[in-house]
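J.: Okay, here's the structure, questions in a sec.
The values are calculated or read from the model by the stated rules, or taken from the named source; none is laboratory data. Because the structure is predicted, anything quoted here is derived from the model rather than measured. Using ideal geometry, Cβ is built from the backbone for each residue, glycine included, and neighbour counts are taken over all protein chains shown.
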Amino acid sequence: MSKTQAFYQGTKDYIATNDLQNSVNVSMGIGRPLLIKGEPGTGKTMLAISIAEALGKNLMIWNIKSTTKAKDGLYIYDTVQRLYDSQFGDHDVSDIRRYIRLGKLGEAFQADDQVVLLIDEIDKADLEFPNDLLWELDVMSFYIPETGDNIKAKQRPVVIITSNAEKELPDAFLRRCIFHYIEFPDEALMERIIRVHYPDLERKLLDESIKAFYWMRSISGLQKKPSTSELLDWVQALTLGGISPKKIAQELPFLGVLIKKDRDFAAVLQRLHSQGAARKVSGPGLLRNW
């Protein structure tokens, strides 16, 4: 690794707070994975993309599912293909290396240049998954018993791990990470985020969409509060639909972009009725009054 430390300061498409910038730079400086938590839609995955862009590094993404095993990220031994070749192929199958395929962590280790490795939604895997990665992330190497090969990282990757807090992660794993919780943006920061994506957005439309968005998030009991990414989609829908700021204040167009659960629709209606007469529904949306 180069002795020159590249510092992360966000990108033109991603606004990172000072605390988040510090967490990223500390994790890179001491060679520890950065564990990122926060509400869905707050930009956890986009952070890794932003880091790769800012530092001019390639990005590798390991998407974790409920069935994912730690070994999948190291390597996969394709025994099925080897068996098939032994029965129907016309070449020697004694070279097991032909049937070894590196996983995302293995690929990151073997990259000639330092890469950014995103381990996305680690909490979707079983409870043992994080612990099964402890040794490899510590020593930056792993052993393939089928071939006797030891795969050692050529460059220590920048490791970003995201979690939606669906389940608690083991303490032993947490001790080896730098932790950062992405707080939900306040209205001022949200305005900056929207401006990054829609710099020419009309001022009144911006104000009314933010006002409506935070009004909805204030409703107690929502199963799924609308997220930042959904607000950005909603703003785009409002723009494409030619919705005037005045209409946003009178109705709530395209609410299906923001609210995704039936019970939440009912909660919004109840809140509306408690505040006075409900207003007209517009398109695939719902009414609102604040």
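J.: All but one of (1) crowded, with 17+ Cβ neighbours inside 10 Å; (2) within 18 Å of LEU35 (Cβ to Cβ) hold for ASP138; which doesn't?
T.: Single failed check for ASP138: (1).
J.: Mind counting the residues in the range 45-95 that are out of contact with any Gly (no Cβ under 9 Å at 6 or more places or on another chain), touching a residue at least 24 places away in the same chain (Cβ under 8 Å) and of a type in the set (Asp, Glu)?
T.: Total satisfying the criteria: 1.
J.: Moving to a separate point now. Quick one: in the range 146-162, of everything that is over 15 Å from PHE109 (Cα atoms) and at pLDDT 95 or above, which residue is surrounded by the fewest Cβ atoms within 10 Å (Cβ to Cβ)?
T.: The extreme case among them is THR162.
J.: Take the residues in the range 231-288 that are surrounded by fewer than 15 Cβ atoms within 10 Å (Cβ to Cβ) and among the basic types (Lys, Arg), then tell me which one is modelled with the lowest pLDDT.
T.: Here the residue is LYS280.
J.: Considering only residues of the range 194-215 that are buried (at least 18 other Cβ atoms within 10 Å of the Cβ) and within 23 Å of the chain's Cα centre (by Cα), which is nearest to ILE160 (Cα to Cα)?
T.: Ranking the qualifying residues of the range 194-215, first place goes to ILE194.
J.: Output the qualifying pairs, or none if there are none: Cβ atoms under 6 angstrom, residues six or more apart or on different chains, first residue in the range 8-20 and at positive phi, second residue in a loop (DSSP other than H, G, I, E, B) and small (Gly, Ala, Ser).
T.: Once the first residue is at positive phi and sits in the range 8-20, its partners that are in a loop (DSSP other than H, G, I, E, B) and small (Gly, Ala, Ser) give GLY10/ALA16.
J.: Report yes if ALA48 is under 15 Å from VAL115 (Cβ atoms) and small (Gly, Ala, Ser), otherwise no.
T.: Here the answer is yes, as ALA48 does meet what is asked.
J.: Just give me the residues in the range 132-162 being in contact with a Gly (Cβ under 9 Å, 6 or more places away or on another chain) and either of a type in the set (Ser, Thr, Tyr) or not in a strand (DSSP E or B) (or both), in sequence order.
T.: Of everything in the range 132-162, those that are in contact with a Gly (Cβ under 9 Å, 6 or more places away or on another chain) and either of a type in the set (Ser, Thr, Tyr) or not in a strand (DSSP E or B) (or both) turn out to be LEU133, GLU136, MET140, ARG156, THR162.
J.: Let me ask something else about it. Within the range 1-105, which strands (runs of 3 or more DSSP E) (wholly inside it) include 2 or more residues that are assigned by TED's automatic domain parsing to the domain that holds ASP126, in contact with a His (Cβ under 8 Å, 6 or more places away or on another chain) and surrounded by 15 or more Cβ atoms within 10 Å (Cβ to Cβ)?
T.: It comes to 34-38.
J.: In the range 169-192, how many residues are surrounded by fewer than 17 Cβ atoms within 10 Å (Cβ to Cβ), touching a residue at least 40 places away in the same chain (Cβ under 8 Å) and more than 23 Å from MET28 (Cα to Cα)?
T.: Qualifying residue count, the range 169-192: 3.
J.: Something else: Looking at (1) touching a Cys at 6+ places or on another chain (Cβ under 7 Å); (2) in a loop (DSSP other than H, G, I, E, B); (3) of a type outside the set (S, T, N, Q), which one does ASP113 not meet, given that it meets all the others?
T.: For ASP113, the failing item is (1).
Conditions tested, residue by residue: (1) free of Cβ contacts under 8 Å to residues at least 60 places away in the same chain; (2) outside the structural domain of LEU102 (by TED's automatic domain parsing); (3) under 30 Å from LEU232 (Cβ atoms).
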{"residue": "TYR143", "(1), (2), (3)": "yes, no, no"}
{"residue": "LYS152", "(1), (2), (3)": "yes, no, no"}
{"residue": "VAL158", "(1), (2), (3)": "no, no, yes"}
{"residue": "SER163", "(1), (2), (3)": "no, no, yes"}
{"residue": "ILE194", "(1), (2), (3)": "yes, yes, yes"}
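J.: Another question, then. Working only within the range 211-243, note down all residues that are part of a loop (DSSP other than H, G, I, E, B), in contact with a Leu (Cβ under 8 Å, 6 or more places away or on another chain) and under 21 Å from ILE15 (Cα atoms).
T.: Within the range 211-243, PRO226 is the sole residue that qualifies.
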